[in-house]
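**Q** Below is a structure I'd like to ask you about.
Bear in mind these aren't lab numbers, they're just calculated from the coordinates by the rules spelled out. The structure displayed is predicted, hence computed values, not measured ones. Cβ atoms come from the backbone with ideal geometry, glycine included; neighbour counts cover every protein chain shown.
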Amino acid sequence: MFIYLNPTISYIYFIFIILSIILINHPIYILISFLGAIFTFIKIETKKNIIIKFKKILFIFIFISLVNPIFVHKGLTILFYIKDKPITLESILYGINNSLMISSLFTWFDILNKIVSSDKIVYIFKKYIPSSVLIFSICLNLIPQLKDKYKQIEEAHLVSCNKNLFSKIKISLNFVAIIISWQLEKSIETAYAMNSRGYENKKKSIFKKYNFKKIDFIFIFIIFFLTSFFIIGYKPFSFYPIIFFQYNRILSPISYIFFLILCFLPIFFYKKEIENGNNKI
Amino acid sequence: MEIIKFDNFSFKYNNNNKFILKNINLSINKGELILFIGQSGSGKTTLLKNLKIELLPYGEKKGEIYLENISLQKFSKEILNKNIGYLGQDISTQFITEKVWSELAFGLENLNTPIDIMKRKIAEISSYFNLNNIYNKSSNKISGGEKQLVNLASILIMNPKILILDEPISQLDPIASDNFINTIKKLKSNSSTTFLISEQNISNFFEISDKIVLINNGNINFYGNKNDFIDFIYKDEEKNSNLIFVPNFIKIIKHIDKKNITPIDINQSIKIINTYNKYITKKITTEIIPISKKNIEENIFKIENLYYKYEDSSNNILKNCNLKINKKDMVSIIGGNGSGKTTLLKNILSIYKPTHGKIIFNKKYKKKNNFLLNISYLPQEVLPLFLKDSIKEELNSFYTKENPYINIIKNLEIDNLLDKHPYDLSGGELQKVAIAKSILNKPDLLIMDEPTKNLDETTKLKIGNIFNYINNLGITIIYITHDIEFAGEYSKTSALIFNGEIASYDSTRNMFCNNMFYTTSTNIITKHIIENLITFKDFENAWRNINEYK
């Protein structure tokens, strides 16, 4: 689905979902968003990454659910005391809610990174902030290069260095200093190369790869349609001092369902054969 | 029609007292391919950079440079930018953006090209250079050869009238080099672009060049076409140090008779030498120098059933590798691109751990995980070896009168480099210093990955002689190379890697004489007439014997 859309639209979609998680502190919506993120992630990522992701989510879940009750003692339903500080039910539930929110934020960002790849980001923002975008593009180029350089330095000295741990650490710091000097020198050459291809010219055009098509407008319309229904039935949820929320028998389920469709859109329309066939999303 | 003219041009860098270029007078015609030859430091790169103002070094100039009869200084920056392209040696620093398509678009964007013209030009040049497969890829996922082609394409897309290439293939493996050379050949025959190429090794672009410029010490010693160049060198053969620039396939023919025509390629050399067949009454064979008896010399290490697989790959790059290296041997490891040569070396040095199989060092030389012998390792990229701020500090304790190897290292003339910072040295100079350091380390085992990279022919000769010398003193040398001529000249044993295995391990002479392609040009040319020749010296000796028969 996303390859058919203009990347700006895809980007707007994901930013919208991410914003809605941040602004809405309602566990049911958070849960829906979390499930959407997880299922999409499973659909688009490799097995190895999925396992790593699950481990991270588990860690966040345990950590935040435990930390929140220890530090926040608001809430009326007290379960037990630790060193005369009360551990409340509301606090634990808030912790669980928060961990789901953070996990789904991380997952949505990962999905965003994979679907709206870096060159699309370059395309989206190039008209508005061309210099920053160029720096972004150069940085993306640099990070694998720096890793590679470090590996080269390490391997070059592996044979002749001391096996002792302390001197290894000392030498690693030296290596980091070397990478920085090495990269700075190379960057000067890159700057020369940029100049020699005309970078100092004042007037520049922008290479545009994508246009707005009918399907982009249809997609925007769908988003608005779903959002309006979801907003209509939205009722805030509060944890402290006691769990309280409103539930309208008609509007609330409608709101939940439309938000679910909104979050599960990528799963409904993502076809692995088309989009992941050549690993080009 | 003249497109570039240097009129009494001299140039001196600001921090230097000498003039690097002295009274250069040169007139270049449009559409020609000019080859600039000279040793490292002769001034080739400085001369070419003076045509490209953005890369112009700070310095004092005398004389003028004219482009199409107008002085270079009178042109605006934008016009010069577009019309003169420059491709350097270092492949990755010239690749600016992340993806191939944005790299191609970069130059055009800077020229404010309208978008439909941009799309057309990008499409055209991608198809011409066959970049379709890598169009959407990131720069760190494509090979060196592909990167250099993208660099070339992104300059050509701006339609320059003059294209300057500064040692463009020195960092590439033979196949990527061939690909690049063929691309230039295609471009030359289909366009009116003027090519200025600076090279260490004359044979690469010799065939397609129109004129050759020989620069020595900032002066132009020769400017003319190919045949005149060879005649010029052979005019004064006995004391001519320029002979080193002549590739072996020409040297052989000229050695037979100076008046022979200059062959363009190996094929022509073979045809010419076949005409002498009638003088050779019977097939002369030179004696094969006896292989140092493998079983008598002790092993340094043995590789048994080695398998190695990278983590993020599903294939074993080394499969069932078996090898025995003897003490005091000089071994060259050859093989195609990606065949696993570097991986094998890293396994030997314990940089990588084998997935399966073992590398057994003789107990004298390795105990548990510690090497008991002194190993010097020269990786493919030598810059990481330099940790200090000056060469003097780097060589420090080694570069003393007491060091037994100091005299042969003096031959490399690195004294004038001692005060410089490693990053200020050229590729060739750095390589020299790295080799010097690894030898001054007094190693028992010298392991090198592409030691002749970036070196000009004169330095290669010196390095080769140094290798011979230290090998005779008892140092075991193992090196990877794709310079077959060097391997033929300076190794006793060779190992050919293919399909993850050591496909062949034999004395160099045996292997090369029986190979069709992985052998020296001398061997290819003389195979059918005289057996068992691999170096030019072999040919000289053999030809002398033939003449004695006559």
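**Q** Across the range A:59-99, which residue is surrounded by the fewest Cβ atoms within 10 Å (Cβ to Cβ) among those that are part of a helix (DSSP H, G or I), of a type in the set (Phe, Trp, Tyr) and out of contact with any helix residue (DSSP H, G or I) (no Cβ under 8 Å at 6 or more places or on another chain)?
**A** Filtering the range A:59-99 down to residues part of a helix (DSSP H, G or I) leaves A:59-71, A:89-99.
When the remaining residues are screened for being of a type in the set (Phe, Trp, Tyr), the result is A:59, A:61, A:63, A:71, A:94.
Filter once more, keeping what is out of contact with any helix residue (DSSP H, G or I) (no Cβ under 8 Å at 6 or more places or on another chain): A:59, A:71.
Working: A:Phe59: 12, A:Phe71: 9.
Of everything passing the filter in the range A:59-99, A:Phe71 is surrounded by the fewest Cβ atoms within 10 Å (Cβ to Cβ).
**Q** Can you tell me which residues in the range B:125-181 are of a type in the set (Asp, Glu) and buried (at least 19 other Cβ atoms within 10 Å of the Cβ)? Talk me through it step by step, then tell me what you get.
**A** Let us first name the residues in the range B:125-181 that are of a type in the set (Asp, Glu), namely B:146, B:166-167, B:173, B:178.
Scanning the range B:125-181 gives B:Glu146, B:Asp166, B:Glu167.
**Q** Continuing with the same structure: Hey, any hits in the range B:450-466 for a residue that's among the small types (Gly, Ala, Ser), on the phi < 0 side of the Ramachandran plot and touching a strand residue (DSSP E or B) at 6+ places or on another chain (Cβ under 7 Å)? Outline the logic, then answer.
**A** Of the range B:450-466, the ones among the small types (Gly, Ala, Ser) are B:464.
Of the ones still in play, those that are also on the phi < 0 side of the Ramachandran plot are B:464.
Add one more test, that the residue is touching a strand residue (DSSP E or B) at 6+ places or on another chain (Cβ under 7 Å), and what stays is none.
No - not one qualifying residue is present in the range B:450-466.
**Q** Given the criterion hydroxyl-bearing (Ser, Thr, Tyr), exposed (fewer than 14 other Cβ atoms within 10 Å of the Cβ) and within 14 Å of chain A (Cβ to nearest Cβ), identify the matching residue among B:Ser376, B:Ser390, B:Ser397. Don't jump to the end; show me each part of the working.
**A** On the way: B:Ser376 fails: exposed (fewer than 14 other Cβ atoms within 10 Å of the Cβ); B:Ser390 fails: exposed (fewer than 14 other Cβ atoms within 10 Å of the Cβ).
Selected residue: B:Ser397, the only one of B:Ser376, B:Ser390, B:Ser397 that is hydroxyl-bearing (Ser, Thr, Tyr), exposed (fewer than 14 other Cβ atoms within 10 Å of the Cβ) and within 14 Å of chain A (Cβ to nearest Cβ).
**Q** Among the residues of the range A:205-225, are any part of a helix (DSSP H, G or I), of a type in the set (S, T, N, Q), within 12 Å of chain B (Cβ to nearest Cβ) and within 18 Å of B:Asn159 (Cα to Cα)?
**A** Residues of the range A:205-225 that are part of a helix (DSSP H, G or I), as a first pass: A:214-225.
Subsequent filtering for residues that are of a type in the set (S, T, N, Q) retains none.
Checked the range A:205-225: no residue is part of a helix (DSSP H, G or I), of a type in the set (S, T, N, Q), within 12 Å of chain B (Cβ to nearest Cβ) and within 18 Å of B:Asn159 (Cα to Cα).
**Q** Additional query: Take the residues in the range A:183-202 that are charged (D, E, K, R) and under 14 Å from B:Asn81 (Cα atoms), then tell me which one is surrounded by the most Cβ atoms within 10 Å (Cβ to Cβ).
**A** Narrowing the range A:183-202 to residues charged (D, E, K, R): A:185-186, A:189, A:197, A:200, A:202.
From what is left, the residues that are under 14 Å from B:Asn81 (Cα atoms) are A:197, A:200, A:202.
Working: A:Arg197: 27, A:Glu200: 13, A:Lys202: 7.
Top of the filtered list is A:Arg197.
**Q** Looking for whichever is more than 9 Å from every other protein chain (Cβ to nearest Cβ) and closer than 29 Å to B:Lys30 by Cα here; the options are B:Glu103, B:Glu109. Which one fits?
**A** Values: B:Glu109 fails: more than 9 Å from every other protein chain (Cβ to nearest Cβ).
Exactly one of B:Glu103, B:Glu109 is more than 9 Å from every other protein chain (Cβ to nearest Cβ) and closer than 29 Å to B:Lys30 by Cα, namely B:Glu103.
Residue-by-condition table, conditions (1) over 25 Å from the mean Cα position of the chain (by Cα); (2) small (Gly, Ala, Ser); (3) within 24 Å of B:Leu55 (Cβ to Cβ):
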site	(1), (2), (3)
B:Leu111	yes, no, yes
B:Ser127	yes, yes, no
B:Ser138	yes, yes, no
B:Ser143	no, yes, no
B:Ile157	yes, no, yes
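**Q** Please go through the range B:325-376 and pick out each residue that is among the aliphatic types (A, V, I, L, M) and part of a strand (DSSP E or B). Before the answer, list the steps.
**A** From the range B:325-376, those among the aliphatic types (A, V, I, L, M) are B:325, B:330-331, B:333-334, B:344-345, B:348-349, B:351, B:359-360, B:372-373, B:375; that's our starting set.
B:Ile325, B:Met330, B:Val331, B:Ile333, B:Ile334, B:Ile359, B:Ile360, B:Ile375 - these are the residues of the range B:325-376 that are among the aliphatic types (A, V, I, L, M) and part of a strand (DSSP E or B).
**Q** Let me ask something additional. Name every residue in the range A:137-169 that is surrounded by fewer than 17 Cβ atoms within 10 Å (Cβ to Cβ) and under 23 Å from A:Lys203 (Cβ atoms), in order of residue number.
**A** Answer for the range A:137-169, where residues must be surrounded by fewer than 17 Cβ atoms within 10 Å (Cβ to Cβ) and under 23 Å from A:Lys203 (Cβ atoms): just A:Ile138.
**Q** Evaluate the following for B:Lys420: is it in a loop (DSSP other than H, G, I, E, B), over 23 Å from B:Ile300 (Cα atoms) and basic (Lys, Arg)? Quick ask: steps written out before the conclusion?
**A** Numbers: in a loop (DSSP other than H, G, I, E, B): yes; over 23 Å from B:Ile300 (Cα atoms): yes; basic (Lys, Arg): yes.
Yes: the conditions hold for B:Lys420.
**Q** Which condition breaks for A:Phe109 when tested against (1) assigned to a loop (DSSP other than H, G, I, E, B); (2) within 30 Å of A:Tyr210 (Cβ to Cβ)?
**A** Status for A:Phe109: all satisfied but (1).
**Q** On the basis of being in contact (Cβ under 8 Å) with a residue 60 or more places away in the chain and surrounded by fewer than 18 Cβ atoms within 10 Å (Cβ to Cβ), does B:Glu78 make the cut? Steps first, please.
**A** Values: in contact (Cβ under 8 Å) with a residue 60 or more places away in the chain: no; surrounded by fewer than 18 Cβ atoms within 10 Å (Cβ to Cβ): yes.
Criteria not met by B:Glu78.
**Q** Are there any pairs with C-beta distances below 7 angstrom linking a residue in the range B:428-456 that is under 10 Å from B:Ile414 (Cβ atoms) to a residue that is charged (D, E, K, R), with the two at least 6 apart or on different chains, and if so which?
**A** Correct list of pairs: B:Lys437/B:Glu394.
**Q** Which members of the range A:118-136 meet the condition of being of a type in the set (A, V, I, L, M), in a helix (DSSP H, G or I) and surrounded by fewer than 18 Cβ atoms within 10 Å (Cβ to Cβ)?
**A** The one that is of a type in the set (A, V, I, L, M), in a helix (DSSP H, G or I) and surrounded by fewer than 18 Cβ atoms within 10 Å (Cβ to Cβ): A:Ile135.
**Q** Let me ask something else about it. Return yes when A:Ile178 is among the β-branched types (Val, Ile, Thr), surrounded by 14 or more Cβ atoms within 10 Å (Cβ to Cβ), within 7 Å of chain B (Cβ to nearest Cβ) and assigned to a helix (DSSP H, G or I) and no when it is not. Lay out the reasoning, then the answer.
**A** Details: among the β-branched types (Val, Ile, Thr): yes; surrounded by 14 or more Cβ atoms within 10 Å (Cβ to Cβ): yes; within 7 Å of chain B (Cβ to nearest Cβ): yes; assigned to a helix (DSSP H, G or I): yes.
Answer is yes for this residue.
**Q** Keeping to the range B:160-201, report how many residues are farther than 18 Å from B:Ile28 by Cβ and touching a residue at least 12 places away in the same chain (Cβ under 8 Å).
**A** Within the range B:160-201, the first condition is being farther than 18 Å from B:Ile28 by Cβ, and the residues that meet it are B:167-183, B:185-186, B:189-190, B:200-201.
If we keep only those that are touching a residue at least 12 places away in the same chain (Cβ under 8 Å) too, we end up with B:167-177, B:179-181, B:183, B:185, B:200-201.
Of the residues in the range B:160-201, 18 are farther than 18 Å from B:Ile28 by Cβ and touching a residue at least 12 places away in the same chain (Cβ under 8 Å).
**Q** Among residues belonging to the range B:392-438 that are among the small types (Gly, Ala, Ser) and in contact with a strand residue (DSSP E or B) (Cβ under 7 Å, 6 or more places away or on another chain), point out the one that is nearest to B:Asp456 (Cα to Cα). It would help to see each step written out before you state the result.
**A** Within the range B:392-438, the first condition is being among the small types (Gly, Ala, Ser), and the residues that meet it are B:397, B:426-428, B:434, B:436, B:438.
Filter once more, so that each one left must be in contact with a strand residue (DSSP E or B) (Cβ under 7 Å, 6 or more places away or on another chain): B:434, B:438.
Working: B:Ala434: 15, B:Ser438: 19 Å.
The extreme case among them is B:Ala434.
**Q** Also, I was wondering about something else. What's the number of the only condition in (1) more than 20 Å from A:Ile138 (Cβ to Cβ); (2) without any contact (Cβ under 8 Å) to a residue 40 or more places away in the chain; (3) part of a loop (DSSP other than H, G, I, E, B) that B:Ile125 fails to meet?
**A** Every listed condition holds for B:Ile125 apart from (3).
**Q** From the list B:Asn227, B:Asn204, B:Asn151, which one is of a type in the set (S, T, N, Q), within 14 Å of chain A (Cβ to nearest Cβ) and under 25 Å from B:Ile4 (Cα atoms)? Show your work before the answer.
**A** Numbers: B:Asn227 fails: within 14 Å of chain A (Cβ to nearest Cβ); B:Asn204 fails: within 14 Å of chain A (Cβ to nearest Cβ).
Testing whether each residue is of a type in the set (S, T, N, Q), within 14 Å of chain A (Cβ to nearest Cβ) and under 25 Å from B:Ile4 (Cα atoms) leaves just B:Asn151.
**Q** Please identify the pairs in which a residue from the range A:145-157 that is closer than 9 Å to B:Pro384 by Cβ has its Cβ atom under 8 Å from the Cβ atom of a residue that is of a type in the set (D, E, K, R) and part of a helix (DSSP H, G or I), counting only partners at least 6 apart or on another chain.
**A** Partner pairs satisfying both residue conditions: A:Glu155/B:Lys346.
**Q** Would you mind stating whether B:Ile28 is away from chain A (no Cβ under 14 Å), under 26 Å from the mean Cα position of the chain (by Cα), surrounded by 17 or more Cβ atoms within 10 Å (Cβ to Cβ) and closer than 17 Å to B:Leu214 by Cβ?
**A** Details: away from chain A (no Cβ under 14 Å): yes; under 26 Å from the mean Cα position of the chain (by Cα): no; surrounded by 17 or more Cβ atoms within 10 Å (Cβ to Cβ): yes; closer than 17 Å to B:Leu214 by Cβ: yes.
Taking the combined requirement at face value, the residue does not satisfy it.
**Q** Turning to a different aspect of this structure: With respect to the numbered conditions (1) in contact (Cβ under 8 Å) with a residue 24 or more places away in the chain; (2) crowded, with 16+ Cβ neighbours inside 10 Å; (3) closer than 30 Å to A:Lys202 by Cα, which one is the sole condition not fulfilled by A:Ser103?
**A** Among (1) in contact (Cβ under 8 Å) with a residue 24 or more places away in the chain; (2) crowded, with 16+ Cβ neighbours inside 10 Å; (3) closer than 30 Å to A:Lys202 by Cα, A:Ser103 violates only (3).
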